[in-house]
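Working notes, structure below.
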Amino acid sequence: MKITAIKTYPVRIPLKPERRMISALGKHEVSNYLVLRIETDAGIEGAGEATVPCRWSGETVWGAQAIVDRVFTPLLIGQDPCDIETINHILDRTSQGNWFAKSAIEMACWDIKGKEAGKPVYDLLGGAARSRSIKCRFSMGAYSLERAERRTQELVAAGFTTIKVKVGTNPDEDVARVKMVRETMGPDLELTIDANAGWDAPTAIAAMERMNDYNVALFEQPTHRGDFAALAEVRRAIQPEIMADDTCFDLADAKECIRNEACDVINVYPGKNGGISKTAAIV
C-alpha cells in the first residue's frame, strides 16, 4: 500500500461560554485545529487531527498546514502508511518540533493500519491493558468565585467525580477559588489543580501550603516549563502528587523528569508527544 495524497483542512471552533478557559496561559475562547486525510492506492483512507495552541506548543494551524503540505507530503507520497517507524523517521529527520503536525500524520497512518487489519488501534499496540471504562474529569478555568461556584454545582449535578481547577495566576484569587470549589463539591469528590507553568517554586509551595485543608489530590505543572529542579523542589515540599505536563514533551524530557525525581506522574498524549508511538515509548 502506498500513500497517494495528503489533504489538509483548517478548522476554527469558537468555544461555548461554559467551556472558555482562563489560565496562566491567558484566555482561550477559540480552538484551531488542522484536520488531515491520507489517501492510499488501496482505497483506504485515514484521518488525523492536530490541536495547535500557539502559546502552548508553538504551533499554529497555518504553520502546521504549511509544513504538512509543503514539507512532509512530498516526502511521504509513495511511502507505505503501515510502516509507521519509517514514517516517523522521515518526519523527525525533516523537522524539529512540530509535535502536533507530526502526530496528525501518524494518527492517520495508524487509522489506515487498523482499517487494513480490521482491528482497533489498541489491539495493534498490544491490546487493552485495563477496563475500557474511563473516569472523566472537567477542567475549570481561573474563574471568579461566583462563576466557579455555579460551574461546580453544574458539574457535580452532571455526575463528574473529579474537577481540575486552573491556578497559576494571582495566588490569593487562586486559593480562594480552590476553597470555593472544595466547599461546593463536598469532601468526597476528587479535586486537582493545574498552574500551567505559571509560578516559580517558592510561589507554588506557599500557595499549596494555604490549600492544604482542601484535600488537593494532584498538582499539575506548578513551575515554569523546562525547570526540572524547580519542579523537584516543589515535589519535596508539598503533600499532593506532582504531575509534569508542559515541561515534558518527549522521551528526553521524561527521562530528565525521572532523573531529577521531579514528579510522580507524567501527562502523556499523542499530540504533545509527536504521535502514538512516541507516547508509547515514554510509557
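The values are calculated or read from the model by the stated rules, or taken from the named source; none is laboratory data. Since we're looking at a predicted model, the values are computed, not measured. Here the Cβ positions follow ideal geometry from the backbone for every residue, glycine too, while neighbour counts run over all protein chains shown.
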Candidate set: segment 1-30, residues that are surrounded by 17 or more Cβ atoms within 10 Å (Cβ to Cβ) and not aliphatic (A, V, I, L, M); chosen: the one modelled with the lowest pLDDT: Ser23
Hits in segment 86-138 - residues which are outside any loop (DSSP other than H, G, I, E, B), of a type in the set (S, T, N, Q) and over 15 Å from Val68 (Cβ atoms): Thr86
Options Trp56, Trp110; residue that is of a type outside the set (Val, Ile, Thr), modelled with pLDDT of 95 or more and assigned by TED's automatic domain parsing to the domain that holds Lys7: Trp110
Some residue of segment 110-119 being exposed (fewer than 15 other Cβ atoms within 10 Å of the Cβ) and among the aliphatic types (A, V, I, L, M): yes
Filter result (in a loop (DSSP other than H, G, I, E, B), exposed (fewer than 15 other Cβ atoms within 10 Å of the Cβ) and either without any contact (Cβ under 8 Å) to a residue 60 or more places away in the chain or aliphatic (A, V, I, L, M) (or both)) within segment 59-85: Ile77, Asp83
Per-region count, segment 74-99, residues within 24 Å of the chain's Cα centre (by Cα) and acidic (Asp, Glu): 2
Segment 261-276 - residue that is crowded, with 17+ Cβ neighbours inside 10 Å and in contact with a Leu (Cβ under 9 Å, 6 or more places away or on another chain) and, of those, nearest to Leu191 (Cα to Cα): Cys263
Residue that is out of contact with any helix residue (DSSP H, G or I) (no Cβ under 7 Å at 6 or more places or on another chain), surrounded by 13 or more Cβ atoms within 10 Å (Cβ to Cβ), outside the structural domain of Ala142 (by TED's automatic domain parsing) and part of a strand (DSSP E or B), where the choices are Glu39, Glu49: Glu39
Within segment 136-192, considering residues that are in contact (Cβ under 8 Å) with a residue 24 or more places away in the chain and among the basic types (Lys, Arg), the one nearest to Lys16 (Cα to Cα): Arg151
Residue in segment 126-155 that is farthest from Asp172 (Cα to Cα), counting only those that are surrounded by fewer than 15 Cβ atoms within 10 Å (Cβ to Cβ) and among the hydrophobic types (A, V, I, L, M, F, W, C): Ala128
Checking Ala206 against (1) within 25 Å of the chain's Cα centre (by Cα); (2) surrounded by fewer than 21 Cβ atoms within 10 Å (Cβ to Cβ), the condition it does not meet: (1)
Options Val35, Val52, Val121: the member that is in contact with a Phe, Trp or Tyr (Cβ under 7 Å, 6 or more places away or on another chain) and within 17 Å of Ala280 (Cβ to Cβ): Val121
